[in-house]
Amino acid sequence: VCLTCCSRDVMVKIDQICHKNSIKFFTGDVFGYHGYMFADLGEHEFVEEKTKVAKVSPGVEDGPDTKKAKLDSETTMVKKRVVFCQLKEALAIDWSGEKAKAALKRTTPDYFLLQ
């Protein structure tokens, strides 16, 4: 479900319905140069490709390539799982606590447009 140009109450209510029924939810809006986007994907599983680079020591070869270390890369697939929060929880953050003060520095001012 994708929403735009809706009131905060409507967005929260529809997100709760979507979350309860395991339906992915997106909402966003733009105000001139500023905008926001929120996604509640519920429980989202995905596979991430990790590349591990290992140096292989050069042998006793002669020539200009012996000075360069040879690299051998190995790719592994790592399964990950992310649990997204609901819009109501994201909007209910208490900004007066010590933990929130540290997060405030990393929070874009556009977050407060939704407030």
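Applying the selection to segment 1-10, what residues are in contact with a helix residue (DSSP H, G or I) (Cβ under 9 Å, 6 or more places away or on another chain) and modelled with pLDDT of 95 or more? Don't jump to the end; show me each part of the working.
At the first step, the residues of segment 1-10 found to be in contact with a helix residue (DSSP H, G or I) (Cβ under 9 Å, 6 or more places away or on another chain) are 1, 3, 6, 8.
If the condition is that a residue be in contact with a helix residue (DSSP H, G or I) (Cβ under 9 Å, 6 or more places away or on another chain) and modelled with pLDDT of 95 or more, then Val1, Leu3 are the ones that fit.
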Would you mention how many residues in segment 1-27 are within 15 Å of Gln115 (Cβ to Cβ) and in contact with a Cys (Cβ under 9 Å, 6 or more places away or on another chain)? 1
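With the structure loaded, tell me whether Lys68 is of a type in the set (Lys, Arg) and at pLDDT 85 or above or whether it fails that test. Even if it seems obvious, please write down each step before you answer.
Details: of a type in the set (Lys, Arg): yes; at pLDDT 85 or above: no.
Judged against the criteria, Lys68 is not a match.
Which residues, taken from segment 72-110, are polar (S, T, N, Q) and either in contact with a Cys (Cβ under 6 Å, 6 or more places away or on another chain) or without any contact (Cβ under 8 Å) to a residue 24 or more places away in the chain (or both)?
Once the filter is applied, which keeps residues that are polar (S, T, N, Q) and either in contact with a Cys (Cβ under 6 Å, 6 or more places away or on another chain) or without any contact (Cβ under 8 Å) to a residue 24 or more places away in the chain (or both), segment 72-110 yields Ser73, Ser96, Thr107, Thr108.
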Within segment 71-112, residues among the hydrophobic types (A, V, I, L, M, F, W, C), closer than 23 Å to Arg8 by Cα and modelled with pLDDT of 85 or more come out as Val83, Phe84, Cys85, Leu87, Ala90, Leu91, Ala92
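The values are calculated or read from the model by the stated rules, or taken from the named source; none is laboratory data. Every value quoted in this text rests on a predicted model; they were computed, and no experiment measured them. In this analysis, Cβ positions are derived from the backbone assuming ideal geometry, glycine residues included, and neighbour counts consider all displayed protein chains.
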